[in-house]
Amino acid sequence: MNRWLISVLLALLVAASVVALLAGTVWLSPVRVLASIMGGEAYLPALIVTQIRLPRLVLALAIGASLGLSGAVLQGLTRNPLAEPGLLGITAGGSLGAVIAIYFGFATGFALATPMFALVGAFGTALIALLLARRGGNLSLILTGVAISSIASAVTMLALNLAPDPFANYEIMAWLMGTLADRSWDHVALSLPFVLLGCALLCATAPALDALALGEAQAESLGTHVARTRVLALAGTALAVGASTAVAGSIGFVGLIAPHLVRPLVGHQPRRVLAPAAIAGALLVTIADTASRTLVFNGTPLNIGVFTSLIGTPFFLWLVLHLRGRTP
Amino acid sequence: MSALILNHVSVVRGSRRVLDGIDVTFERGRLAAVIGPNGAGKSTLLSVAAGLLTPNAGSISLDAVPLAAIDRRILARRRAYLPQRAGVEWPISVERVVALGLAPSLPAFGGLPPTLQTRVADTLAQFDLTDLATRPATELSGGELARVMMARATVGTPEVLIVDEPTAGLDPRHVIEVGRRLRALADGGCAVIVALHDLDLARRIADDVVAMKGGRVLAAGPTQTVVTSEILSALYDAPIEVVADGEGGGIRYRGW
């Protein structure tokens with residue numbers, strides 16, 4: 001069942017990736033692209049694919065997989081179906097870092113200043129959440145995350161309020177809505193090492209997540225190191241999602257939805273959710289990114305974060321209603 | 001043969017001594033019931049005995065080896081622990097839940113080896129769960145869930161089984177059933193430690209009884225020496241009478 005599901009998801013992902021490479025302002029035919037890459041007459045299609053769309057696709061895959069995987073790990077760890085990476089304040093912290101870079105003008109001096117500041121912001125908030133929630137259980141972790149998230153958002157709002165010029169304001173808004181537009185191989189090089197390391201840490205929690213389905217006391221009695229699992233999950237999320245937020249801004253709801261989409265198909269077993277959730281997350285972000293650049297309203301392309309939120313919010317409502325029906 | 005020995009164990013929570021200098025020995029092949037009023041420290045004693053809670057003072061040893069010195073996975077293979085109101089938080093199938101009991105014996109990655117798969121099937125059959133094997137564990141009745149959790153705890157054939165209030169919320173038929181299974185495990189050579197509020201059940205199935213009050217052991221020893229009118233009345237601060245009649249007797253609560 002699991003193997004079958006993963007094969008289908010991978011096939012869909014490959015299809016979505018091919019479409020993502022060909023679709024956009026300039027629609028390319030596969031034949032033209034192949035001919036161009038093989039050294040044919042037209043140089044432009046190869047340039048568009050390798051320098052513009054491929055880095056964007058790589059980022060979409062990495063970011064989606066990070067969000068899906070960390071969502072699945074956090075839901076398994078806290079046994080809370082509403083848990084998601086944003087919950088730990090990592091997204092808000094990353095946004096704050098980026099806003100600081102834009103607000104104080106670092107971004108105009110150096111192109112990668114925004115993602116670098118965002119990375120520091122994301123790691124910083126994750127570290128604070130981890131230190132504050134070191135003792136105490138899941139509730140303390142969730143509440144700490146919400147509090148830190150709120151503080152970071154408040155400061156971001158302050159920056160928007162006091163923004164020196166409309167351009168900074170516009171840049172901040174665009175960043176908060178999340179986008180993969182104009183991302184290059186530099187962004188890939190900046191984020192990918194952290195994403196890979198983070199995903200490795202997240203995968204290491206897999207055996208513990210199954211035991212945690214029985215609650216912390218039973219998991220501990222089965223030889224699981226619950227405290228270590230929590231640190232692995234949080235550090236992994238901070239690295240993978242922090243690096244993702246750093247290059248793309250906040251992309252909401254993917255981390256929440258992806259695990260729920262695949263969970264019933266793997267018999268609800270927490271560790272079996274991980275791989276399909278990562279692929280589903282990558283699929284969602286790739287589709288959302290392709291849609292965001294092909295659906296253009298009055299000359300303005302939709303931001304990817306707006307797109308995922310538009311799909312995500314109704315899903316979230318459905319989830320709440322569905323859970324209300326199942327729990328007393 | 002003594003298996004688990006608690007030596008002068010104390011646990012302090014805040015300014016309160018939850019356990020105060022406990023000395024108890026649990027033996028293989030015997031079923032020990034831990035009784036006492038609410039808040040006496042029974043659950044804390046069980047967590048400490050399971051090695052899940054490190055005491056502030058004193059030591060616990062399994063076959064003369066300190067519990068803290070045993071690798072957590074090896075310890076998990078040798079002793080099983082079921083907390084109060086043990087449950088499952090995702091709708092995982094009964095079969096998978098029982099298989100989780102073998103988690104400490106599994107390699108970090110990969111599936112269940114065939115020998116362990118037969119062990120799961122045997123345990124399911126032994127606990128009359130074969131028909132429920134594919135049912136989500138969150139949809140079971142209280143009695144069925146109690147059986148599943150017992151199967152989960154015993155599938156790894158532990159040397160020591162520690163169970164906290166396994167009969168809470170169960171109807172009389174299931175109480176008797178759980179009691180019989182615990183008895184059978186002890187007869188099979190396992191050291192069974194079980195916290196109970198049901199004094200009649202304790203009297204029926206236990207070889208030894210540990211009576212706890214205010215974090216101390218009030219009395220401990222073979223069941224007939226501890227389950228007496230005097231000790232029980234002092235233990236619960238209520239007039240309790242142990243009566244003997246033709247059918248094995250019972251516990252009577254006087255004064256209401």
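Odds and ends about this structure:
- Yes/no for A:L13 being on the phi < 0 side of the Ramachandran plot, open to solvent by less than 40 Å² (accessible area, probe 1.4 Å) and part of a loop (DSSP other than H, G, I, E, B): no
- Qualifying residue in segment B:151-172 (condition: of a type outside the set (S, T, N, Q) and free of Cβ contacts under 8 Å to residues at least 24 places away in the same chain): yes
- Output for segment B:52-105, where each listed residue is out of contact with any Ser or Thr (no Cβ under 8 Å at 6 or more places or on another chain), open to solvent by 50 Å² or more (accessible area, probe 1.4 Å) and more than 10 Å from chain A (Cβ to nearest Cβ): B:T54, B:S59, B:D63, B:A64, B:V65, B:A69, B:R78
- Looking only at segment A:197-227, and only at residues there that are touching a Gly at 6+ places or on another chain (Cβ under 9 Å) and not in a helix (DSSP H, G or I), the one that is farthest from B:G101 (Cα to Cα): A:A204
- With respect to the conditions (1) within 14 Å of chain B (Cβ to nearest Cβ); (2) in a helix (DSSP H, G or I); (3) over 19 Å from the mean Cα position of the chain (by Cα), A:E171 falls short on a single one, namely (1).
- The number of residues in segment B:148-198 that are touching a strand residue (DSSP E or B) at 6+ places or on another chain (Cβ under 7 Å), surrounded by 18 or more Cβ atoms within 10 Å (Cβ to Cβ) and in a loop (DSSP other than H, G, I, E, B) comes to 6.
- Looking across segment B:204-235, the residues that are among the charged types (D, E, K, R) and under 17 Å from the mean Cα position of the chain (by Cα) come down to B:R204, B:D207, B:D208.
- Residues that are within 18 Å of B:T157 (Cα to Cα), among the basic types (K, R) and modelled with pLDDT of 95 or more do not occur anywhere in segment B:59-75.
- Exclusive hit being polar (S, T, N, Q) and under 25 Å from A:L59 (Cβ atoms), set A:S95, A:S140: A:S95
- Looking only at residues of segment A:93-147 that are under 22 Å from the mean Cα position of the chain (by Cα), over 25 Å from A:A189 (Cα atoms) and hydrophobic (A, V, I, L, M, F, W, C), we find that the one that is most open to solvent (accessible area, probe 1.4 Å) is A:L143.
- Enumerated helices (runs of 4 or more DSSP H) restricted to segment A:228-328, each holding at least 2 residues that are more than 14 Å from every other protein chain (Cβ to nearest Cβ), farther than 24 Å from A:L5 by Cβ and without any contact (Cβ under 8 Å) to a residue 12 or more places away in the chain: A:304-326
- Just so you know, in segment A:200-215 the residues that are buried (at least 24 other Cβ atoms within 10 Å of the Cβ) and not charged (D, E, K, R) include one that is nearest to A:V273 (Cα to Cα), and it is A:L209.
- Taken together, the residues in segment B:108-122 that are more than 9 Å from chain A (Cβ to nearest Cβ) and outside any helix (DSSP H, G or I) amount to 4.
- Screening the candidates A:A154, A:A200, A:A219, A:A174 for the property of being free of Cβ contacts under 8 Å to residues at least 12 places away in the same chain and within 22 Å of A:V120 (Cα to Cα) yields one hit, A:A154.
- Qualifying residue in segment A:282-297 (condition: open to solvent by less than 20 Å² (accessible area, probe 1.4 Å) and farther than 22 Å from A:V14 by Cα): no
- Search result, residues across segment B:2-41 that are out of contact with any Asp or Glu (no Cβ under 7 Å at 6 or more places or on another chain), open to solvent by 60 Å² or more (accessible area, probe 1.4 Å), under 24 Å from B:L232 (Cα atoms) and not in a strand (DSSP E or B): B:N38, B:G39
- From B:A184, B:A220, B:A168, residue being at pLDDT below 90 and of a type in the set (G, A, S): B:A168
- A:L190 more than 14 Å from chain B (Cβ to nearest Cβ), assigned to a helix (DSSP H, G or I) and within 16 Å of A:L69 (Cα to Cα): no
The values are calculated or read from the model by the stated rules, or taken from the named source; none is laboratory data. Since we're looking at a predicted model, the values are computed, not measured. As a convention, Cβ positions derive from the backbone with ideal geometry for all residues, glycine included, and neighbour counts pool all protein chains shown. Remember, those area values only see protein heavy atoms, side chains included, never the ligands or the DNA or RNA. Shrake-Rupley method; radii C 1.70, N 1.55, O 1.52, S 1.80 Å.
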